[in-house]
Amino acid sequence: MTVLDKAVESISKIIKIDSSESAPKAGAPFGEGARNALDFFLNLAKSLGFETRDYDGYAGEVIFGKGEGFAVLCHLDVVPAGSGWTKDPFGGEIDEKTGRIWGRGAMDDKGPAVCALYAMYNLKESGFEPSRTIKLIVGCNEESGWKCIDYYRAHAKMPEEGFSPDADFPVIYAEKGILQLCLTFPVEGDFSSLKGGERPNMVCDLCCADPTGAPIPEGLKIEGGKVVSRGKSAHGSTPEKGVNAIPPILSYLGLDKVREMLFEDAFDLKKYSDETGALTFSPNIIKGGNGNVQVVVDVRYPATMPRSTVLQCFEGKGIKYEILNEQAPLYNDRESKLIKTLCAVYNEVTGKNSKPVAIGGGTYARALKCGAAFGPEEEGEESTIHQADEYITFEKIRKCIEIYTLALERLTR
């Protein structure tokens, strides 16, 4: 089998493991699925001749070389499948005709993690001896908290420099700041049947509530005795790529003031932008109660914008907010050695003349003193990350392995 064939087979197998977060167990702090995905990956690395380490189910590590560390940071956990799939989200279906592998995690981030592993394998088999210790670190809690990174830091030395294959090419020099907040709106009445959304960083694709006796408007349906609104999921950093299912239910329930504050006014936050892009505000989880409605919003704010400016916009609005998760922005000099090298490698392999870019997504790169997100998505491609029918192509796998092999060789020779 060629390296590409082996990678395709490995990606298909690891997709079959549902590694979305579930109830913790002994040795499996993020659930049995994440534990099984970590075991599969570390066993695969051992079979390829690498030394591995298991950090108690929080994270794992594949080690190659000696000297100062260089990190490749990936994650094996996935967001829940969500709805709207035409393929089995955990089937790992290999479609030879279209050259695709289907399933949750194909692009985010199991596929790229396997590509990085086979890039290391290419270097090892060629006889290359890195002057730095390449540490392929795989976490199991990237999508919902980063406890994996916290645990790794407490039990190992995190390299200062590296990249994370969990975003876009040619290379990401900056990432927006992230605030995930729970907003509590006081309302009149009992709306305890109101529910929608699965994760703070996924656009809500299903929202429902009990019927009120009012006519069911066009676009809503009765399913299982509930009034149901269906949308289209997308990554929380790019809410414009999805269709949020929450607004129609809020209108049906007569909660137009809440809808306007969340989806029209957005607390006047959308006016902020800088070179890293405009602020995005995505209400992704909703839960009603007796006298209140709670909404979890995902805010991605420009890298040069103070965190305090975001929070001040909620003051005096008659609602409470609680910070559930936050990550400071990442900002690198576009002329730094890491950014210039990674961008040059991408352009060399693809024949393009692309420039470093900024994103709203948050990657493991910000866990490093000098880190950058590096692939796998490219400009002009259809993105299925956090959406139904996620897939990765054979050509993408081939290209990523080639790019990551050359990047690691250049940065650790």
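What follows is calculated from the coordinates using simple rules that are stated; it is not laboratory data. Everything numeric here is computed off the predicted structure, so don't read it as measured data. FYI the Cβ positions are ideal-geometry reconstructions off the backbone, even for glycines, and counts take in every protein chain you see.
Descriptive notes on the structure:
- Spatially proximal lysines relative to Lys6 (Cα-Cα < 25 Å; intrachain offsets below 8 disregarded): Lys16, Lys46, Lys87, Lys97, Lys110, Lys124, Lys135, Lys396, Lys399
- Remark on the chain: hydrodynamic radius 22.1 angstrom, per the Kirkwood mean of 1/r across alpha carbon pairs.
- Base-10 log of normalised Debye intensity for the range 28-181 (one unit scatterer per alpha-carbon) at q = 0.21 Å⁻¹: -1.51
- Largest-first principal axis extents, alpha carbons of the range 312-412, Å: 54, 36, 22
- If you take the Cα centroid of the range 177-239 and the Cα centroid of the range 259-313, the two points sit 16 Å apart.
- Shown for Arg100, Arg410, Arg307, Arg300: other C-beta atoms within 10 Å of each C-beta, ranked fewest to most, produce the order Arg410, Arg307, Arg100, Arg300.
- Cα-centre dipole for the range 285-328 with unit charges at Cβ (Lys and Arg positive, Asp and Glu negative), debye to 20: 80
- Kirkwood Rh in Å, taken over all unlike Cα pairs in the range 177-327: 15.7
- Helical content of the chain, expressed as a calculated mean residue ellipticity at 222 nm, amounts to -8000 deg cm²/dmol (DSSP H runs of 4 or more residues, -39,500 (n - 2.57) each, divided by residue number, nearest 500).
- Dimensionless Rg ratio for the range 61-129, taking C-alpha atoms and the 2.2 N^0.38 Å reference: 1.43
- Fraction in percent of alpha-carbon pairs per bin - 10 Å, the range 210-262: 23, 48, 26, 3
- Placing dummy labels 7 Å off each Cα toward the beta-carbon, the span from Ser192 to Lys340 is 6.4 nm.
- Span-like helix check, the chain: qualifying full DSSP H segments, with Cα axial length of 24 Å or more and mean Kyte-Doolittle of 0.0 or more, are 394-412.
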